[in-house]
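Below is one structure, written out as structure tokens; the observations come after it.
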Amino acid sequence: MRSAFQSLFPPGTPAVMCLGFPLHPAGASTIARGVDHLYFFLTALTLFFTILIFSFILYFMVKYRRRSDDEQPADVKTSMALEMTWTLIPTALCAVMFLWASSLYFENSRPPNASMEIFVIGKQWMWHLQHPEGPREINELHVPLGVPVKLTMTSEDVIHDFYIPAFRIKKDVLPGRYSSIWFEATQLGTFHLFCAQYCGAEHAAMIGWVYVMTPSDYAQWLSGGVKGESMAASGEKLFTQLGCVTCHVANNTGRCPSLVGLYNHTVALRDGRTLLADESYLRTAIVNPNSMPLPGYAPAMPSFQGQINEEQLLQLIAYIKSLGAEEKKSGEK
Amino acid sequence: MSTTVAEAPALPRVHYLNATYGIRSWLLTTDHKRIALLYLTSITFMFFIGGAAAVLMRLHLIEPQGALVQPETYNKLFSIHGIVMVFFFLIPSIPAVLGNFLVPMMIGARDLAFPRLNLLSWYIYVVGACFTLYAIVSGGVDTGWTFYTPYSSTYAHTNVMAAAVGVFITGFSSILTGLNFIVTIHKMRAPGLTWFRLPLFIWSIYATSIIFILGTPVLAITIFLLALERLLHVGIFDPAVGGDPLLFQHLFWFYSHPAVYIMVLPAMGVVSELIAAFSRKRIYGYSFVAFSSFAISIISFLVWGHHMFVTGQSIYAGLIFSVLSFLVAIPSAIKVFNWTATLYRGSISYQAPMLYALGFIGLFTMGGLTGLFLASLAVDVHLNGTYFIVAHFHYIMVGGAVMAYMGGIHYWWPKITGRMYPDGWARFAALVIFVGFNLTFFPQYMLGYLGMPRRYAVYPSEFQVLNVMSSAGASILGIGYLIPLIYLVWSMRYGPVAGPNPWKAKGLEWETSSPPPTENFEETPIVTEEAYAYARPAAPPAARRPVTEGAHD
């Protein structure tokens with residue numbers, strides 16, 4: 001399947017070529033166009049000011065070249081108006097750039113609500129990607145066209161950085177916490193996936209390909225690939241194996257709170273903090289439960305730091321999320 | 001080239017270079033001018049080590065799969081290049097060489113306030129450099145100059161500690177130099193030399209010294225914490241032992257962003273001197289240029305987070321760092337406009353130092369404007385960590401700081417050595433450097449926008465053409481830096497005698513002999529006019545040497 005796709009979409013076809021090298025990278029996400037427009041504006045501004053300064057310098061160089069060694073040119077008084085002009089104009093331009101870039105950044109930071117989820121684990125020196133339905137990939141990411149995809153990412157060792165130039169997205173992938181990023185592909189094809197944070201000897205080999213497929217091809221790929229159980233199913237097995245199930249009983253009669261419906265709800269801690277039970281919360285609750293004691297429960301839960309790897313953590317979290325989803329469904333009925 | 005000096009000047013019989021003889025007289029000297037030369041020799045040595053690493057990197061990148069070395073070796077090359085160039089060349093370059101030589105001369109003092117401390121600074125620098133050189137020969141270091149954790153603290157198997165200790169130690173040299181300059185500028189100005197009569201070089205060295213003193217201790221603390229974690233496994237940065245991996249970046253950039261201005265502010269000071277001298281004009285908007293140095297040195301402490309827009313730092317923090325980063329660009333823009341306006345109605349000559357100064361303005365303008373791309377949050381997301389960053393900061397640090405350093409070395413060379421270099425060769429070298437520089441780094445802007453990440457030992461083949469262009473430029477640039485080394489060394493013995501003031505420039509340093517006597521001035525000069533008073537019909541042109549005759553009162 002991989003080779004079939006590679007022949008269909010030769011890797012890394014750039015959008016604009018000139019004299020044997022690319023001038024402009026492919027723009028293949030909903031984010032790319034806005035970023036490019038701002039980039040073009042900044043480039044125009046840079047050209048304008050560079051040419052302006054160079055022209056003045058060249059003109060003065062010729063016009064006021066020294067004609068005799070003893071020349072003593074007259075003093076030119078500093079004009080306050082001129083100083084103000086070239087202070088205020090750049091300030092105004094900076095304000096425009098700041099507002100434009102920041103509003104775009106805000107817009108680009110927020111994933112749409114109906115995003116499909118994929119999980120990413122970086123380790124020296126490979127990308128491990130996992131779809132909730134089960135399929136796992138190494139250094140390859142298959143995604144459907146026109147569907148927002150949210151990536152939840154973590155690292156098993158050092159800091160990595162997940163970068164897809166064609167989508168104009170990039171985010172550090174840190175050990176010990178989750179970061180997230182999202183995109184919606186707008187172009188079928190094969191695009192580079194890079195690690196953009198230096199991570200050791202084979203940093204430059206920590207690269208891969210993103211395959212953007214039509215939704216029907218993607219559905220076929222999901223079902224036709226390696227038959228594996230869903231992340232939530234793996235998580236449920238772990239939940240039993242690790243003994244979580246003995247305390248976290250579904251009907252709240254155990255020594256620990258029920259996890260049904262926990263995901264995406266707010267939790268009040270004993271110290272008065274209120275936290276949203278998102279992926280990061282669940283991660284901390286498993287790895288370092290004593291850092292967030294709950295009112296009404298003894299701090300009985302052991303830490304699972306070092307006992308389960310990042311992949312298993314994500315599976316457990318997927319399982320806990322699926323508990324929430326079931327409750328919601330039954331609530332709707 | 002002729003310098004059109006009517007009567008052939010002769011070297012003074014006794015000057016600081018021949019006042020005492022022997023290796024001890026150099027290694028135990030407390031003369032700021034000799035210490036400047038000790039620095040000049042040592043940083044030139046380090047420059048060519050860092051440069052050799054750069055040339056090897058560029059040769060390696062001619063082929064997408066890497067032409068020369070293993071990826072591990074490539075990683076060590078860029079780490080050595082960064083560490084040596086930033087900490088052992090750029091940071092000490094203008095302050096420790098030109099600053100040391102010129103600060104007392106420009107303010108009419110005999111020496112710095114603490115001459116022995118000044119010598120100690122050089123020894124500290126040398127000890128730090130030895131540690132780092134040891135790290136290189138004993139197997140190298142592969143963390144990059146940024147030492148990001150937890151890679152540097154837990155995962156790197158190379159000689160991280162020796163390199164980091166070298167950087168730690170050399171930092172104290174910066175702190176002491178900064179302290180020495182600030183005290184000297186406050187306490188030892190010649191009679192009549194008020195703050196607003198100071199040359200702009202002094203203003204910018206003062207602003208730089210503030211960063212030295214306030215910023216460098218933070219770097220020392222950061223490296224100390226890194227050592228605690230690497231050697232004793234105290235959990236500070238590695239989440240596996242309870243640390244926070246981003247804490248390191250906050251601390252590191254709190255120093256290292258201002259450190260960029262440690263490199264650029266003195267360069268701006270040099271350029272102000274060059275522009276004034278070679279257009280024979282007072283710098284337009286003197287006080288705007290002076291105060292913009294201070295604005296830069298203060299705001300530079302508040303922008304470190306712009307290195308961390310994609311680390312997952314809060315988007316609101318991102319907004320604040322973005323707005324402050326735009327703000328720090330404005331004083332730089334003000335300087336560029338004022339330098340350009342200085343040329344208006346000037347009497348402009350194009351000797352080598354002026355070519356470097358004009359090159360600085362052009363390249364610094366481009367480097368500064370491309371910095372705005374990186375302050376723009378949404379665009380930075382795409383460009384961060386790519387060759388665009390590499391191009392941007394090389395335009396500032398090499399196109400800016402090194403150009404100004406070269407210009408300054410050429411401008412004050414006749415004062416330092418008493419002899420002229422061949423101006424034709426010097427102009428040729430300046431041109432070669434300008435062309436080589438742009439050919440090296442302009443393609444890297446394009447590579448970055450196309451998405452090529454930095455620090456890649458191998459890369460996808462569609463990036464090859466631009467990489468080959470960049471490598472070709474680097475070899476031209478390398479030759480451009482070797483030419484001055486040859487003719488400057490040659491000129492020390494064979495160059496024509498320069499005389500006290502070959503450029504007919506203003507400034508106290510030009511009013512004493514070349515090379516100056518050990519005590520700089522035969523009599524303490526008394527200052528009666530503002531800096532760059534080219535327009536005034538000066539006092540009788542015959543009596544140029546000591547300003548002081550009659551003390552004007």
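The values are calculated or read from the model by the stated rules, or taken from the named source; none is laboratory data. As the structure is a prediction and not an experimental result, all values here were calculated from the model. Cβ sites come from the backbone with ideal geometry, for glycine too, and all protein chains shown count toward neighbours.
Which condition breaks for A:ALA92 when tested against (1) under 24 Å from the mean Cα position of the chain (by Cα); (2) more than 9 Å from chain B (Cβ to nearest Cβ)?
That leaves (1) as the condition not met.
If we keep just the residues of region A:16-48 that are closer than 20 Å to A:LYS170 by Cα and not in a helix (DSSP H, G or I), which is modelled with the lowest pLDDT?
Of everything passing the filter in region A:16-48, A:HIS24 is modelled with the lowest pLDDT.
In region A:297-322, what residues are part of a helix (DSSP H, G or I) and either of a type in the set (S, T, N, Q) or without any contact (Cβ under 8 Å) to a residue 24 or more places away in the chain (or both)?
Answer for region A:297-322, where residues must be part of a helix (DSSP H, G or I) and either of a type in the set (S, T, N, Q) or without any contact (Cβ under 8 Å) to a residue 24 or more places away in the chain (or both): A:GLN312, A:GLN315, A:SER322.
Looking at B:TYR148, is it crowded, with 20+ Cβ neighbours inside 10 Å, at negative phi and not in a helix (DSSP H, G or I)?
yes
Go through region B:339-375 and report how many residues are among the hydroxyl-bearing types (Ser, Thr, Tyr), facing chain A (nearest Cβ under 10 Å) and touching a His at 6+ places or on another chain (Cβ under 9 Å).
Counting residues in region B:339-375 that are among the hydroxyl-bearing types (Ser, Thr, Tyr), facing chain A (nearest Cβ under 10 Å) and touching a His at 6+ places or on another chain (Cβ under 9 Å) gives 1.
For B:ILE296, are the conditions met, namely being within 20 Å of B:PHE364 (Cα to Cα), hydrophobic (A, V, I, L, M, F, W, C) and crowded, with 24+ Cβ neighbours inside 10 Å?
Spelling it out, B:ILE296 is indeed within 20 Å of B:PHE364 (Cα to Cα), hydrophobic (A, V, I, L, M, F, W, C) and crowded, with 24+ Cβ neighbours inside 10 Å.
Any residue that is touching a residue at least 12 places away in the same chain (Cβ under 8 Å), under 26 Å from A:GLY306 (Cβ atoms), more than 14 Å from chain B (Cβ to nearest Cβ) and acidic (Asp, Glu) - is there at least one of those in region A:226-236?
yes
Within region B:280-295, how many residues turn out to be part of a helix (DSSP H, G or I) and within 9 Å of chain A (Cβ to nearest Cβ)? If you could, list the steps in order and put the result at the bottom.
Step one: of region B:280-295, the residues part of a helix (DSSP H, G or I) are B:286-295.
Next cut, within 9 Å of chain A (Cβ to nearest Cβ) only: B:286-288.
Residues in region B:280-295 being part of a helix (DSSP H, G or I) and within 9 Å of chain A (Cβ to nearest Cβ): 3 in total.
When residues of region A:210-223 are filtered for being more than 30 Å from B:ALA457 (Cβ to Cβ) and either assigned to a loop (DSSP other than H, G, I, E, B) or not aromatic (Phe, Trp, Tyr) (or both), how many remain?
Filtering region A:210-223 for residues more than 30 Å from B:ALA457 (Cβ to Cβ) gives A:213-223.
Retained after the next criterion (residues that are either assigned to a loop (DSSP other than H, G, I, E, B) or not aromatic (Phe, Trp, Tyr) (or both)): A:213-217, A:219-220, A:222-223.
Of the residues in region A:210-223, 9 are more than 30 Å from B:ALA457 (Cβ to Cβ) and either assigned to a loop (DSSP other than H, G, I, E, B) or not aromatic (Phe, Trp, Tyr) (or both).
Across region A:49-77, what is the total count of residues that are among the aliphatic types (A, V, I, L, M), within 7 Å of another protein chain (Cβ to nearest Cβ) and either farther than 23 Å from B:LYS506 by Cβ or not in a helix (DSSP H, G or I) (or both)?
Total meeting the criteria: 3.
Part of a helix (DSSP H, G or I) and facing another protein chain (nearest Cβ under 7 Å): which single residue out of A:MET84, A:MET97 fits that description?
On inspection, the qualifying residue turns out to be A:MET97.
Does B:GLY242 fit the bill of being more than 14 Å from chain A (Cβ to nearest Cβ), of a type in the set (Gly, Ala, Ser) and either surrounded by fewer than 23 Cβ atoms within 10 Å (Cβ to Cβ) or under 30 Å from the mean Cα position of the chain (by Cα) (or both)?
Working: more than 14 Å from chain A (Cβ to nearest Cβ): no; of a type in the set (Gly, Ala, Ser): yes; either surrounded by fewer than 23 Cβ atoms within 10 Å (Cβ to Cβ) or under 30 Å from the mean Cα position of the chain (by Cα) (or both): yes.
Considered against the rule, which asks whether it is more than 14 Å from chain A (Cβ to nearest Cβ), of a type in the set (Gly, Ala, Ser) and either surrounded by fewer than 23 Cβ atoms within 10 Å (Cβ to Cβ) or under 30 Å from the mean Cα position of the chain (by Cα) (or both), B:GLY242 comes out as no.
Quick check on this structure: which one of B:THR158, B:THR184 is within 14 Å of chain A (Cβ to nearest Cβ) and either crowded, with 24+ Cβ neighbours inside 10 Å or touching a helix residue (DSSP H, G or I) at 6+ places or on another chain (Cβ under 9 Å) (or both)?
B:THR158
Please work out if B:PHE224 is part of a helix (DSSP H, G or I), over 30 Å from B:PHE521 (Cβ atoms), within 19 Å of the chain's Cα centre (by Cα) and at pLDDT 95 or above.
Criteria not met by B:PHE224.
Pull out all pairs, ordered by first then second residue, where Cβ-Cβ is under 9 Å, the residues are six or more apart or on different chains, the first lies in region A:273-296 and is in contact (Cβ under 8 Å) with a residue 60 or more places away in the chain, and the second is charged (D, E, K, R).
A:GLU279/A:LYS321; A:SER280/A:ARG177; A:ARG283/A:ARG177
Residue check, B:SER332 against (1) facing another protein chain (nearest Cβ under 10 Å); (2) touching a helix residue (DSSP H, G or I) at 6+ places or on another chain (Cβ under 8 Å); (3) surrounded by fewer than 23 Cβ atoms within 10 Å (Cβ to Cβ), all met but one. Which one?
Tallying (1) facing another protein chain (nearest Cβ under 10 Å); (2) touching a helix residue (DSSP H, G or I) at 6+ places or on another chain (Cβ under 8 Å); (3) surrounded by fewer than 23 Cβ atoms within 10 Å (Cβ to Cβ), B:SER332 fails exactly one: (3).
When you go through (1) surrounded by fewer than 17 Cβ atoms within 10 Å (Cβ to Cβ); (2) assigned to a helix (DSSP H, G or I) one by one for A:VAL249, which number turns out not to apply?
With respect to (1) surrounded by fewer than 17 Cβ atoms within 10 Å (Cβ to Cβ); (2) assigned to a helix (DSSP H, G or I), A:VAL249 is out only on (2).
Of the conditions (1) crowded, with 20+ Cβ neighbours inside 10 Å; (2) farther than 30 Å from B:TYR286 by Cβ; (3) out of contact with any Ser or Thr (no Cβ under 7 Å at 6 or more places or on another chain), B:TYR206 satisfies every one except a single condition; which number is it?
Going through the list (1) crowded, with 20+ Cβ neighbours inside 10 Å; (2) farther than 30 Å from B:TYR286 by Cβ; (3) out of contact with any Ser or Thr (no Cβ under 7 Å at 6 or more places or on another chain), B:TYR206 breaks only (2).
Looking at A:GLY324, A:GLY235, which one is closer than 20 Å to A:ILE121 by Cβ, surrounded by 12 or more Cβ atoms within 10 Å (Cβ to Cβ) and under 25 Å from the mean Cα position of the chain (by Cα)?
Details: A:GLY324 fails: closer than 20 Å to A:ILE121 by Cβ.
Answer to the selection: A:GLY235.
Residues are listed down the side, and each one gets a yes or a no for (1) over 26 Å from A:VAL143 (Cα atoms); (2) surrounded by 14 or more Cβ atoms within 10 Å (Cβ to Cβ):
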site: A:HIS192; (1), (2): no, yes
site: A:MET213; (1), (2): no, yes
site: A:SER223; (1), (2): no, no
site: A:SER230; (1), (2): no, yes
site: A:LEU259; (1), (2): yes, yes
site: A:VAL267; (1), (2): yes, yes
site: A:GLY272; (1), (2): yes, no
site: A:ARG283; (1), (2): no, yes
site: A:PRO289; (1), (2): yes, yes
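Of the residues in region B:316-328, how many are facing chain A (nearest Cβ under 7 Å), surrounded by fewer than 22 Cβ atoms within 10 Å (Cβ to Cβ) and in contact (Cβ under 8 Å) with a residue 24 or more places away in the chain?
1
Hey, B:ALA378 hits all of (1) within 10 Å of chain A (Cβ to nearest Cβ); (2) touching a residue at least 12 places away in the same chain (Cβ under 8 Å) but one; which does it fall short on?
(2)
Would you pick out the residues in region A:188-209 that are more than 19 Å from the chain's Cα centre (by Cα), more than 9 Å from chain B (Cβ to nearest Cβ) and assigned to a loop (DSSP other than H, G, I, E, B)?
Residue satisfying the conditions is A:LEU188 alone.
Collect the residues in region A:199-222 that are over 15 Å from A:ILE118 (Cβ atoms) and touching a Phe, Trp or Tyr at 6+ places or on another chain (Cβ under 7 Å), keeping them in residue-number order.
A:CYS199, A:GLY200, A:GLU202, A:HIS203, A:ALA204, A:ALA205, A:MET206, A:ILE207
Name the strands (runs of 3 or more DSSP E) wholly within region A:105-177 that hold at least 1 residues that are within 12 Å of chain B (Cβ to nearest Cβ)?
Answer list for region A:105-177: A:116-123, A:149-155, A:160-164, A:169-173.
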